[in-house]
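Q: Here's a structure for you.
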Amino acid sequence: MSATAEATVLITHDVGLHARPSVKFTKLAKSFAADVEIALAANGPWFDAKSIVKVMAAKAPKGTVLHVRANGDGASDAVRALIELVQRDFDEDAGHARSA
Amino acid sequence: MRIEGVAAAAGYAEGPLFELDRPQGTYTGKATAAEERTSLETAIDKAVNRLVAMVGTADSDAAGILEFHIAMLEDDALSGPAFASIASGKAADAAWRQALGAEIAGYEASDQDYFRARATDLRDIRDQVLRALTEDDQRAAPAGAILYGADIAPTRFLQTDWSHGGGIALKAGSTASHVAMLARSRGVPMVVGLGEPFTGAAGMALLDAEHGNIVVAPSLPEIGAFRQAASAFAARQGKARTFLARPAATRAGTAVRVQVNIADPGDVDAIDIATCDGVGLMRTEFLFGKTLPDEETQYRGYRKVLEWAGGKPVTIRTVDAGGDKPVPGFTVEEGNPFLGLRGVRLSLARPDIFRVQIRALLRAAPHGNLKVMFPMIATSEEYERAAALFAEEQAALAARGIAQRMPPLGIMVEVPSVAIAPEAFAGVAFLSIGSNDLTQYVMAAARDNAAVAHLNSVRHPAVLRLIGAVAAFGRENAIPVSLCGDAGGDPASIPSLLEAGLRDLSVAPAQLAMAKAAISDVPV
């Protein structure tokens, strides 16, 4: 069954969608069968969310509203999981919101 | 020119010198685009594998950077343009340089500091692949060559085909290193500690690893004398071989069990089970090699050895990583690794990895006469924790209806605390003295340090007294005691070990005959 899903999220991580966050982001994106893309604006350009080279090329700093869309099997799960990863600041220790 | 060193594995080798630490070459273009493509693919794989290996020992910041590099290298979007220009006739190195150059320029043009800084990473990624591309891929030594260099990695030793002879000559190195151990076990002549005069040697050489020297650019009389000594050595070995088929016994007729030490399941292919009393030590860290083996790989390796041994005992030691045997993704980097997280300490600290090995052992046990021992035990609590993990995994396997059996569980005696106070271990199934580590810990002399090699003697009275005490403890408590260190196969040490009360030795397969011959000369 094919499906499409799209959502946006504000990047709050200090350095944005950069090296280490991008590794986690693309790894998570690759765990879904659906095609997943990101963009910095609703009208694109869209970048393949499974390619770290493309995700890095999007150059999304802190404060960017990131658009995530997916098409195919598990599209809505993929979008939800990726949005949540960004909301969790990529599970990185930013010195706050984290207990020992 | 004759250079003196220290013999690390007895034997004679005559052949061309082959330098281990060759300088990097330049990339040689290939005949077809398909070959260029393969070169680049291979180089990228090589760079990725090296990074993966480094992640294992890196702290989390460094690992984050390495994982970024790995992810970039594994992304087809990075290499795609390079493969496209290879298809249109470019050489692999130029294509890669051009593709990465474009990426680097993109980062350099960024108005954000963070992104401009990533250009450095991209350059690093570019150079890692270029290095892998320009390395001399024909680094395999010619058949029968004498490998020489500062030192040699165990993996390099294992990758070398020794079936056509050859030997090892090292400027540094140690007779107690793992390569020396492997060399003795495979019968590869090896000399260490040749020092600086050996720098820059080339051409034909004569390696005398019985006395510990090498002759570079030999004269005709030197070649003649060498060949005579080599054939005399071979004759002595041949005589010892007559002992091979017989059970070992001393001059007084006392029976001595002689088992073999093996490192790789494949080692048994070259050993006739009739010539030994079983496997006294099967190391498992070499099975671990560069990556952590899964349960099935381990199970198959253990089962192979058990089936080869028939009903004879096979004592498998749980992984003894750490110390001078790092395993990427498992061991940790430490200032003083011999006194750190190694052996059973590491296994207990990483139960996720340990449990995989335990399950493989429990499943292999029904296929033969398996015994399992833990390395680097210092306290009885460690033994109990390890044994409890075996019990837990056995129960879990049984609940799933998987065939398994609990093997007798013993310990290595190599930490002095155990040898000094063995009474804490009256409950173990057997004791196996690891004389290499016991000696290095009693003498406080690292086994991989040539500068203190003279202190590293199992025949020091302090070491022999401990061995004697452990043997006596075993007799009094009906706990079998054996010895599986290098001393067990050393004809010069065998009399002292038997006099200390040992009747069970485990030796390198190549030393089996010499050890049995030496035992027959001992009066006890």
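Q: Counting only residues that are in a loop (DSSP other than H, G, I, E, B) and either at the interface with chain B (Cβ under 10 Å from one of its Cβ atoms) or modelled with pLDDT under 85 (or both), which one in segment A:46-63 is farthest from residue A:26 (Cα to Cα)?
A: Result: A:63.
Q: If you don't mind, another one. Filtering segment B:75-85 down to residues that are facing another protein chain (nearest Cβ under 8 Å) and not hydrophobic (A, V, I, L, M, F, W, C), which residue is surrounded by the most Cβ atoms within 10 Å (Cβ to Cβ)?
A: First, the residues of segment B:75-85 that are facing another protein chain (nearest Cβ under 8 Å): B:75-78.
Filter again for not hydrophobic (A, V, I, L, M, F, W, C), leaving B:75-76.
Values: B:75: 19, B:76: 10.
By that ranking, first place goes to B:75.
Q: Somewhere in segment B:239-251, is a residue in contact with a Gly (Cβ under 9 Å, 6 or more places away or on another chain) and at pLDDT 90 or above?
A: no
Here is a yes/no grid of residues against (1) farther than 25 Å from residue B:522 by Cβ; (2) assigned to a helix (DSSP H, G or I); (3) of a type outside the set (Ser, Thr, Tyr):
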{"position": "B:206", "(1), (2), (3)": "yes, no, yes"}
{"position": "B:211", "(1), (2), (3)": "no, no, yes"}
{"position": "B:215", "(1), (2), (3)": "yes, no, yes"}
{"position": "B:218", "(1), (2), (3)": "yes, no, yes"}
{"position": "B:223", "(1), (2), (3)": "yes, yes, yes"}
{"position": "B:230", "(1), (2), (3)": "yes, yes, yes"}
{"position": "B:237", "(1), (2), (3)": "no, yes, yes"}
{"position": "B:242", "(1), (2), (3)": "no, yes, no"}
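Q: In the set A:33, A:7, A:78, which member is more than 11 Å from chain B (Cβ to nearest Cβ), in a helix (DSSP H, G or I), touching a residue at least 40 places away in the same chain (Cβ under 8 Å) and small (Gly, Ala, Ser)? Can you show your working first?
A: Numbers: A:33 fails: in a helix (DSSP H, G or I); A:7 fails: in a helix (DSSP H, G or I).
Every option except A:78 fails the conditions.
Q: Oh, and also: Provide a single number: the residues in segment B:301-325 that are assigned to a loop (DSSP other than H, G, I, E, B) and either crowded, with 18+ Cβ neighbours inside 10 Å or in the same structural domain as residue B:66 (by TED's automatic domain parsing) (or both).
A: Here is the first cut: in segment B:301-325, the ones assigned to a loop (DSSP other than H, G, I, E, B) are B:310-312, B:318-321, B:323-324.
If we keep only those that are either crowded, with 18+ Cβ neighbours inside 10 Å or in the same structural domain as residue B:66 (by TED's automatic domain parsing) (or both) too, we end up with B:318-321, B:323.
Of the residues in segment B:301-325, 5 are assigned to a loop (DSSP other than H, G, I, E, B) and either crowded, with 18+ Cβ neighbours inside 10 Å or in the same structural domain as residue B:66 (by TED's automatic domain parsing) (or both).
Q: Given the structure, is residue B:345 of a type in the set (Lys, Arg), touching a His at 6+ places or on another chain (Cβ under 9 Å), modelled with pLDDT of 95 or more and in the same structural domain as residue B:249 (by TED's automatic domain parsing)?
A: In short, no.
Q: Also: Hey, among B:219, B:174, which residue is buried (at least 22 other Cβ atoms within 10 Å of the Cβ) and among the hydroxyl-bearing types (Ser, Thr, Tyr)?
A: B:174
Q: Return the residue satisfying two criteria in turn: it lies in segment B:440-486 and is among the basic types (Lys, Arg) and surrounded by fewer than 23 Cβ atoms within 10 Å (Cβ to Cβ), and of such residues it is farthest from the chain's Cα centre (by Cα). Break it down into steps so the answer makes sense when it comes.
A: Looking only at segment B:440-486, we keep the residues that are among the basic types (Lys, Arg), and these are B:447, B:459, B:465, B:475.
Pick out the ones that are also surrounded by fewer than 23 Cβ atoms within 10 Å (Cβ to Cβ) and you get B:459, B:465, B:475.
Working: B:459: 24, B:465: 29, B:475: 33 Å.
Top of the filtered list is B:475.
Q: Would you check which residues across segment A:26-83 are under 21 Å from residue B:75 (Cβ atoms), crowded, with 16+ Cβ neighbours inside 10 Å and of a type in the set (Ser, Thr, Tyr) and list them?
A: Passing the criteria: A:26, A:51.
Q: Of the residues B:257, B:283, B:251, only one is loosely packed, with under 14 Cβ neighbours inside 10 Å and in the same structural domain as residue B:338 (by TED's automatic domain parsing); which?
A: The match here is B:251.
Q: Follow-up. Would you pick out the residues in segment B:329-340 that are part of a loop (DSSP other than H, G, I, E, B) and either modelled with pLDDT of 95 or more or surrounded by fewer than 19 Cβ atoms within 10 Å (Cβ to Cβ) (or both)?
A: Across segment B:329-340, the qualifying residues are B:329, B:332, B:333, B:334, B:335, B:336, B:340.
Q: Kindly evaluate residue B:389 against the criterion of being surrounded by fewer than 23 Cβ atoms within 10 Å (Cβ to Cβ), under 28 Å from the mean Cα position of the chain (by Cα) and closer than 24 Å to residue B:504 by Cα. Break it down into steps so the answer makes sense when it comes.
A: Numbers: surrounded by fewer than 23 Cβ atoms within 10 Å (Cβ to Cβ): yes; under 28 Å from the mean Cα position of the chain (by Cα): yes; closer than 24 Å to residue B:504 by Cα: no.
Here the answer is no, as residue B:389 does not meet what is asked.
Q: Okay, next question. Pairs, please: C-beta under 8 Å, at least 6 apart or cross-chain, first residue free of Cβ contacts under 8 Å to residues at least 24 places away in the same chain and in segment B:364-392, second surrounded by fewer than 22 Cβ atoms within 10 Å (Cβ to Cβ)?
A: B:387/B:409; B:391/B:406
The values are calculated or read from the model by the stated rules, or taken from the named source; none is laboratory data. Just so it is clear, the model here is predicted, and its values are computed rather than measured. All Cβ positions, even for glycine, are placed from backbone atoms using ideal geometry, and neighbour counts span all protein chains on display.
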